[in-house]
1. Output the number of residues of the stretch 172-188 satisfying the condition of being in contact (Cβ under 8 Å) with a residue 40 or more places away in the chain and open to solvent by 50 Å² or more (accessible area, probe 1.4 Å).
2. Out of all the residues in the stretch 294-312, is one or more at positive phi and modelled with pLDDT of 85 or more?
3. Pairs only if they're at least six apart or on different chains, beta carbon under 8 angstrom, first in the stretch 361-380 and within 16 Å of residue 488 (Cα to Cα), second assigned to a helix (DSSP H, G or I) and aliphatic (A, V, I, L, M); list them, first residue then second.
4. Specify the residue that is farthest from residue 91 (Cα to Cα); the eligible residues are those in the stretch 313-338 that are open to solvent by 60 Å² or more (accessible area, probe 1.4 Å), at pLDDT below 70 and not in a loop (DSSP other than H, G, I, E, B).
5. Go through the residues of the stretch 470-482 one by one and say whether even a single one is within 23 Å of residue 236 (Cα to Cα), open to solvent by 10 Å² or more (accessible area, probe 1.4 Å), at pLDDT 85 or above and polar (S, T, N, Q).
6. Looking only at the stretch 493-511, filter to residues that are among the hydrophobic types (A, V, I, L, M, F, W, C), touching a helix residue (DSSP H, G or I) at 6+ places or on another chain (Cβ under 8 Å) and under 12 Å from residue 549 (Cα atoms); which one of those is most open to solvent (accessible area, probe 1.4 Å)?
7. For residues in the stretch 213-257 being of a type in the set (Phe, Trp, Tyr) and open to solvent by less than 20 Å² (accessible area, probe 1.4 Å), which is modelled with the lowest pLDDT?
8. Can you find even one residue in the stretch 106-125 that is on the phi > 0 side of the Ramachandran plot and touching a residue at least 40 places away in the same chain (Cβ under 8 Å)?
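The values are calculated or read from the model by the stated rules, or taken from the named source; none is laboratory data. Just so it is clear, the structure is predicted and the values come from calculations on it, not from any experiment. Cβ: placed from backbone, ideal geometry, glycine included. Neighbour counts: every protein chain shown. Note: accessible area is taken over every heavy atom of the protein model, side chains too, but ligands, DNA and RNA are not part of it. Shrake-Rupley method; radii C 1.70, N 1.55, O 1.52, S 1.80 Å.
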Amino acid sequence: MAALLAPAIVANPAGASAAKISPLTTPPSIPSCPRPGLFVRFGKRPQRSGLRAYSPSSSVSSSSVLSANERSAEVEQQAEEKEEKFDWFSNWYPVAPVCDLDKKAPHAKKVMGLDVVVWWDRAEGKWQVFDDRCPHRLAPLSEGRIDPNGRLQCVYHGWCFDGSGSCKYIPQAPQDGPPVHTSRRACAFVYPSFEQNGLVWFWPSTDPQYKDIGEKLKPPLLPKVDDPSYSSLIASRDIPYGYEVLIENLMDPAHVPYAHYGIMRTARKPPDFVQRDREGGRPLDITVKTLDAAGFVATQENGYSKFVAPCLFYAFASFGSNAKPDPEVAEDTSDQKNVVLIFICVPVAPGRSRLIWTFPRNFALWTDKIVPRWIFHIGQNLILDSDLYLLHLEDLQTKKTIGGGYEKEGIHILFYSERKIEDAGQSNWQKACFVPTKSDALVIAFRKWLRKYSNGQIEWATQFGGLPPTFAREQLMDRYYSHVVNCSSCRAAVTALKALEFCLQVLPIALIGMVAVANGTTVSSVARKVLVFTAVLCFVASKWLGNFIYKTFYFHDYNHAFK
């Protein structure tokens, strides 16, 4: 999907792995409050997810018949194991766009396997990120409320916490008794948080030594988001497939004319001598220039792209006769029409991820001022849906046991791909997939980065038993719980449109009643016909609006066979 404009992708070396300190090391002395969090109490780095590894010796094909390329890949992989490893817990992760957070309520999120709660601290004037559990009975703080004093209150027994995690009030404790609320064990776990580029970021460790990490290391900057000469709208959606597959999909411009056929058009017409088919497929010249633990940089035609590990992937494109793809000068083409496609891929859990996206541009700025944000989300969600059902399905034998079975034409291809990669083993991706053209250069670079610096997989904060089971089509492509409930603009639109739908349903009844009453009066037949026509029109409009609401905010099917 990053191929909305078909540029390439790059990384910001200053972003991902600049901090080499481990968030899991117990400090020499434990301060009073807040106490160390989950990792420190475990006393060791979390175990990796239990993805099955592929072994050539246990396969039908033995190592003796491996091709020369496969053998060289094995040698390269063994050499890369000695390289510097990427520390997943020494990086900032985005939690949610600020524009979609309500200051009057706490919000539950999951990132890197961690359950967190985001809430507005009125006293400090900032967004706080806590571990989503009350120290009393481990109830979710996200189900609580913000009390009249601006503190986070647990819904289970009413314990109240301030922005530092200190417990300020325990209703069950006698006022003349010992001050049990001052105990270290009464404190909530607090993650360092930072607001930047319209997002709330958090550092995934509650160890007190990282309390001021934002002063030493800030989250990666999103290009052009805060530039007043650019206009950008932000959105997010929870995705029912993994972080690795999500990033691969965004880094794959070649799939756009096929997977999104009928929704998107290719951004640039190729020269006459370049062969392309009906959907728009053609050769793409993508070159990866640099790759290290911080990410990688690539160039392509009229733009370039960056991958800033672990989450940020963006593509820059400039249009015009003087457009330059060089990363050093491309962003200086202020006289051109420039667009940045920014995708933030958040690892949530195995088989689950979250996409936050924004597309800053320096032209047609007026549209964002007069067109509601939810209008733009209609097309963007449809694009995600057309990919989603491609990226999410296990093998045909398993799917027959779920929900009465699926037709082969209804395969969720990205989920299917994800399951096949799990079966082969993450480290054997390049053996399992045949990627002979330069259009796959970004995907190959990402898989190389993942294998080289992270043993081919994510280092989750908690233990998982592998990928979750598949779901019915309506559940997989659900828009309401994956997007609408987390989007302030779409929530408001649903409320307003449902109110309009109700009015359109009631109005015909009222108009028919008026016609019945008018039969015995001097009201002309023309007036009665107008009332009947208006009633019918309102009824039809209510049916159309109901269908529009359902397809826009709840479920919109996408069948590639009929596109």
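1. Narrowing the stretch 172-188 to residues in contact (Cβ under 8 Å) with a residue 40 or more places away in the chain: 184-188.
Going one step further and asking which of them are open to solvent by 50 Å² or more (accessible area, probe 1.4 Å), we end up with 184-185.
Of the residues in the stretch 172-188, 2 are in contact (Cβ under 8 Å) with a residue 40 or more places away in the chain and open to solvent by 50 Å² or more (accessible area, probe 1.4 Å).
2. Taking every residue of the stretch 294-312 in turn, at least one turns out to be at positive phi and modelled with pLDDT of 85 or more.
3. 372/493; 374/492; 374/493
4. From the stretch 313-338, those open to solvent by 60 Å² or more (accessible area, probe 1.4 Å) are 319, 321-322, 324, 326, 328, 332, 334-335, 337; that's our starting set.
Within this subset, residues satisfying the condition of being at pLDDT below 70 are 319, 321-322, 324, 326, 328, 332, 334-335.
Cutting the leftovers down to not in a loop (DSSP other than H, G, I, E, B) gives us 319, 332.
Working: 319: 34, 332: 29 Å.
Filtering the stretch 313-338 for residues that are open to solvent by 60 Å² or more (accessible area, probe 1.4 Å), at pLDDT below 70 and not in a loop (DSSP other than H, G, I, E, B), the one farthest from residue 91 (Cα to Cα) comes out as 319.
5. Yes, the stretch 470-482 contains a residue that is within 23 Å of residue 236 (Cα to Cα), open to solvent by 10 Å² or more (accessible area, probe 1.4 Å), at pLDDT 85 or above and polar (S, T, N, Q).
6. Out of the qualifying residues, it is 500.
7. Taking the stretch 213-257 as the starting set, the residues that turn out to be of a type in the set (Phe, Trp, Tyr) are 230, 241, 243.
In the following step, the residues that additionally are open to solvent by less than 20 Å² (accessible area, probe 1.4 Å) were identified as 241, 243.
Numbers: 241: 84, 243: 92.
If we take residues in the stretch 213-257 being of a type in the set (Phe, Trp, Tyr) and open to solvent by less than 20 Å² (accessible area, probe 1.4 Å), then 241 is modelled with the lowest pLDDT.
8. The first filter runs over the stretch 106-125 and keeps only residues on the phi > 0 side of the Ramachandran plot, leaving 112-113, 125.
Checking the rest, the ones that are also touching a residue at least 40 places away in the same chain (Cβ under 8 Å) come to 112-113.
Yes, the stretch 106-125 contains at least one residue that is on the phi > 0 side of the Ramachandran plot and touching a residue at least 40 places away in the same chain (Cβ under 8 Å).
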